Number of protein chains: 2
Amino acid sequence: MATIYEVAALAGVSPATVSRVFNGLTVSEEKQRLVRDAAARLAFTPNKTARRLRKQSSEIIALLIPDIENPFYTALARGVEDRAQESGFSVVLCNTDDNPGKELRYLQIAASEQMAGVILSPASDEVDLGAIVSLGRPVVAVDRTTPYPVDAVKIDNRAAGIAATAALFDAGYRRIACIAGPAGIEMTEDRFLGWRQVVAARGTGTHEGYLQHANFRVEGGHAAMKALLALDTPPDAVVTTNNLMAIGALQAIAEAGIPPETFGLAAVGELPFMVLAPATVVQVRLPARYLGRTAATMLLDRIGGDTQPLRTVVLRAEVSPPVPPGKGLAL
Amino acid sequence: MATIYEVAALAGVSPATVSRVFNGLTVSEEKQRLVRDAAARLAFTPNKTARRLRKQSSEIIALLIPDIENPFYTALARGVEDRAQESGFSVVLCNTDDNPGKELRYLQIAASEQMAGVILSPASDEVDLGAIVSLGRPVVAVDRTTPYPVDAVKIDNRAAGIAATAALFDAGYRRIACIAGPAGIEMTEDRFLGWRQVVAARGTGTHEGYLQHANFRVEGGHAAMKALLALDTPPDAVVTTNNLMAIGALQAIAEAGIPPETFGLAAVGELPFMVLAPATVVQVRLPARYLGRTAATMLLDRIGGDTQPLRTVVLRAEVSPPVPPGKGLAL
DNA sequence: GAAGTCTAAGAAATCGATTTCGTCAAGAGT
DNA sequence: ACTCTTGACGAAATCGATTTCTTAGACTTC
């Protein structure tokens with residue numbers, strides 16, 4: 001591939017002039033023409049590695065997500081990518097598997113690769129952002145906040161938990177359990193607090209074992225649902241705090257021979273690739289792609305020099321389908 | 001972050017010696033100890049941009065996939081990532097949306113970013129690998145082959161189409177249609193030729209309109225299935241040539257009020273997040289993660305200097321669940 | 001005509017790691 | 001004791017783009 005020196009030689013100017021032409025600095029029209037002609041003839045593409053070394057930064061954003069196989073996160077990734085590409089940035093997608101060790105490794109890569117900024121969904125409250133923050137690289141946390149001085153975009157998780165649970169009560173269910181993610185994760189806590197609040201307000205109380213903690217994956221939801229169904233007084237409905245645990249719960253319900261339309265299920269998050277009738281499950285729709293897009297806008301603003309005070313943007317979820325009163329959902 | 005010069009100054013050696021220590025060249029034990037101590041004290045992390053500029057390459061692989069929201073491709077990506085990380089390589093995931101323009105742009109990025117190699121599922125037979133191949137960067141094509149001199153890993157697609165179709169005949173269906181991806185894509189062609197071969201061999205022939213081409217997405221399968229159901233003589237079963245089109249077909253079947261267990265459906269590819277009884281759908285399981293892992297192994301071998309002749313590795317699919325004879329699948 | 005100012009453009013330093021070339025010291029052989 | 005060989009290590013070039021500093025020429029003013 002041609003270098004700036006070859007373009008300069010062909011155009012009869014200095015390499016500095018070639019650089020000025022492509023970076024929009026002042027160069028006479030005559031010499032601009034010479035440089036562009038030469039570059040076109042040589043099919044010149046600037047070497048980004050050299051530029052990155054000299055400028056000490058890049059046009060790359062690191063995006064750290066905990067589960068690449070969760071469609072919530074792939075939708076979020078597309079939102080980040082949409083916005084980043086509008087500004088000429090590339091996105092490196094880093095799948096952490098909710099593993100703090102992998103997450104730290106990716107953060108170190110972001111630092112040593114001079115990425116311009118990081119968007120991440122932290123694997124835990126103990127995520128170590130010290131190195132990247134101390135380098136002055138902007139960070140935006142999504143879906144979960146951190147104690148570090150970084151911007152954040154999140155869902156109103158408590159309201160989402162409330163909406164999911166209220167929908168089940170409105171549909172006539174009375175023994176409503178909750179399958180939550182791992183304890184200690186802020187998003188999990190907020191969502192099941194929403195469940196608990198509605199259960200307390202509607203006066204039915206909860207049974208022992210009606211709150212089950214699971215991992216966020218399909219198999220976590222599956223195991224938790226089996227545990228719920230094995231109780232002396234099983235629930236007649238369940239709220240899951242994410243989409244994949246709802247899938248697992250549905251599988252367990254089907255395996256138990258329960259027709260899905262007679263058991264109440266509300267998920268915080270859209271179920272991917274739904275083939276059941278839409279009324280079978282209440283889905284609290286999370287704006288994942290917009291969440292990603294918002295996070296990228298905030299990060300790009302910081303990269304561009306934005307020095308406004310740190311802020312947290314909170315997005316809202318919405319319930320789908322809207323729930324009419326009465327027993328069961330499949331009306 | 002500390003540079004190699006600062007480590008050298010603290011250790012009392014030259015920068016070249018520091019570089020030699022970390023790159024395993026011959027350095028006296030005494031000086032090795034001095035360098036390692038100094039590096040630890042300064043928390044030295046080598047600047048990969050500088051190294052990449054001097055060495056003219058990087059430890060990054062570009063992975064170009066057509067649909068990040070298709071779990072087949074996220075599983076493939078995990079396989080690539082698994083293997084790459086074993087060798088200290090990072091993977092940049094590039095989502096092309098089956099768009100040749102986006103694909104070309106990502107290939108140009110791979111070239112100008114000096115990525116060590118590329119794994120891609122080509123958006124079309126006309127993909128332009130000229131620039132990246134002429135730079136000598138290794139390329140491995142997955143899932144689809146190309147006319148360029150590159151290695152490939154693929155599924156035995158024809159056999160997969162045959163297996164899916166045969167399973168439906170074995171289950172007792174007789175009017176078996178096919179929902180295939182866009183015409184002209186090798187993988188599509190091979191899979192529906194497998195369908196056509198079995199239909200011809202079993203002597204039932206096909207009806208006008210029994211072969212529907214769609215895009216590979218859920219909505220493509222949905223529209224194609226509605227078109228099939230609207231025929232004067234609708235089919236009693238269908239083969240879809242990928243997983244997401246099966247999802248769309250199932251949605252259309254449910255919307256038409258047909259119990260899914262009475263309609264035959266076989267998909268080439270595992271349906272993601274299945275909540276129907278496993279016997280409802282025949283799934284031809286594709287080893288996506290292993291496909292990714294194999295592609296990465298081949299690419300890393302090339303990056304490492306492998307000069308064996310170009311080769312294509314063909315992996316096999318398997319049918320799940322195994323199909324007993326008789327009408328319908330839900331036995 | 002001389003002095004001062006401004007602008008375009010070239011020379012060279014810079015970014016940080018790697019690698020090439022040259023030097024010096026130690027060891028072996030005669 | 002001298003010569004030759006080998007290995008460790010330092011100096012400096014290299015990768016390619018950007019940017020700083022300097023210079024030359026054009027223009028204006030007195």
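The values are calculated or read from the model by the stated rules, or taken from the named source; none is laboratory data. Just so it is clear, the model here is predicted, and its values are computed rather than measured. Cβ coordinates were reconstructed from backbone atoms using ideal geometry, including for glycine residues, and neighbour counts include every protein chain displayed. We work out accessible area using only protein heavy atoms, side chains counted, and drop any ligands, DNA or RNA first. Shrake-Rupley method; radii C 1.70, N 1.55, O 1.52, S 1.80 Å.
For this structure, a couple of remarks:
- Largest to smallest accessible area among A:ASP37, A:ASP143 [probe 1.4 Å]: A:ASP37, A:ASP143
- The stretch B:7-23 - phi-based ³J(HN,Hα) in whole Hz, Karplus 6.51/-1.76/1.60, Gly and Pro as x: 4, 4, 4, 5, 7, x, 10, 8, x, 4, 5, 4, 4, 4, 4, 7, 9
- Amide H contacts of B:HIS213 (H built 1.01 Å from N, under 5 Å, at least 5 apart or other chain): B:ALA180
- Average other protein chain Cβ within 10 Å of Cβ, residues B:55-62: 1
- Above-threshold pairs, the threshold being 26 Å between Cα atoms, out of A:LYS55/B:LYS55; A:LYS154/B:LYS102; A:LYS48/B:LYS31; B:LYS102/B:LYS154; A:LYS226/B:LYS226: A:LYS154/B:LYS102; A:LYS48/B:LYS31; A:LYS226/B:LYS226
- With contacts taken as Cα pairs under 8 Å at a separation of at least 6 residues, the stretch B:44-119 carries a relative contact order of 45 percent.
- Other protein chain Cβ atoms within 10 Å, averaged over every residue that makes up B:70-79: 3
- GNM remark for chain A: springs join alpha carbons under 10 Å apart, and the peak mean-square fluctuation among A:GLY184, A:GLY161, A:GLY264 falls on A:GLY184.
- Unit charges at the beta carbon, dipole of the stretch A:157-286: most positive-side option, A:ASN157, A:PRO182, A:THR280: A:ASN157
- Residue-normalised accessible area of the stretch B:4-46, expressed per residue, 1.4 Å probe, Å²: 64
- Here's how it looks for A:VAL319: its modeled amide H is under 5 Å from those of A:ARG285, which are all 5 or more places away or on a different chain.
- Residue among B:ALA224, B:ALA39, B:ALA296 with the largest mean-square fluctuation in a Gaussian network model of chain B, springs linking Cα atoms under 10 Å: B:ALA39
- Note: relative contact order over chain B, using C-alpha pairs below 8 Å and six or more positions apart, is 18 percent.
- Taking packing as the residue-averaged number of other Cβ atoms within 10 angstrom, the listed peptides A:13-23, A:110-120, A:301-311 run from highest to lowest as A:110-120, A:13-23, A:301-311.
- Estimated vicinal HN-Hα couplings, Hz - the stretch A:58-74 in sequence order (Karplus 6.51, -1.76, 1.60; Gly, Pro = x): 9, 9, 10, 10, 8, 10, 9, 10, x, 7, 5, 8, 8, x, 4, 6, 5
- Mean-position separation - Cα centroids, the stretch A:211-240 and the stretch B:256-284, in angstrom: 25
- Mean silhouette area of chain A, derived from the convex hull of its C-alpha atoms and averaged over all directions, reads 20.4 nm².
- Here is the tail figure for the stretch A:157-286: Cα pairs spaced more than 22 Å apart come to 22 percent of all pairs.
- Around B:GLY220: net Lys/Arg minus Asp/Glu count, Cβ-Cβ under 14 Å: -3
- 3J(HN,Hα) from dihedral phi, the stretch B:146-162, Karplus parametrisation 6.51/-1.76/1.60, rounded to Hz, x for glycine, proline: 9, x, 6, x, 9, 5, 8, 10, 9, 8, 6, 5, 5, 4, 5, x, 4
- Across the stretch B:4-46, C-alpha contacts under 8 Å between residues 6 or more apart give a mean separation that, scaled by the residue count, equals a relative contact order of 45 percent.
- Shielding by partners - mean other protein chain Cβ count within 10 Å, residues of B:272-281: 6
- Summing Cβ point charges (Lys, Arg +1; Asp, Glu -1) relative to the Cα centre of the stretch B:12-148 gives a dipole of roughly 1040 debye.
- Filtered GluC sites (Glu not before Pro), the stretch B:121-209: DSSP coil and at most 11 other beta carbons within 10 Å: B:GLU126, B:GLU208
- Inter-copy spacing of A:ALA230 label points, which lie 7 Å from Cα along Cα→Cβ, given in nm from shortest upward: 5.0
- Think of it as helices only: each DSSP H run of n ≥ 4 in chain A is worth -39500 (n - 2.57), and spread over all residues that comes to -13500 deg cm²/dmol at 222 nm.
- Fraction in percent of alpha-carbon pairs per bin - 10 Å, the stretch B:4-46: 35, 62, 3
- Candidates B:THR26, B:THR206, B:THR188, ranked by Gaussian network fluctuation over chain B, Cα under 10 Å, top entry: B:THR26
- Across the identical copies, how the A:LEU25 labels are spaced - nm, sorted shortest first, 7 Å along Cα→Cβ: 3.4
- Cut-off under 5 Å, modelled amide H: who pairs with B:VAL140 long-range: B:VAL118, B:ILE119, B:LEU120
- Descending semi-axes in whole angstrom, ellipsoid equivalent of the protein assembly as shown, from the Cα gyration tensor: 47, 34, 22
- Taken as Cα centroids, the stretch B:111-188 and the stretch B:3-82 sit 34 Å apart, rounded to the nearest whole angstrom.
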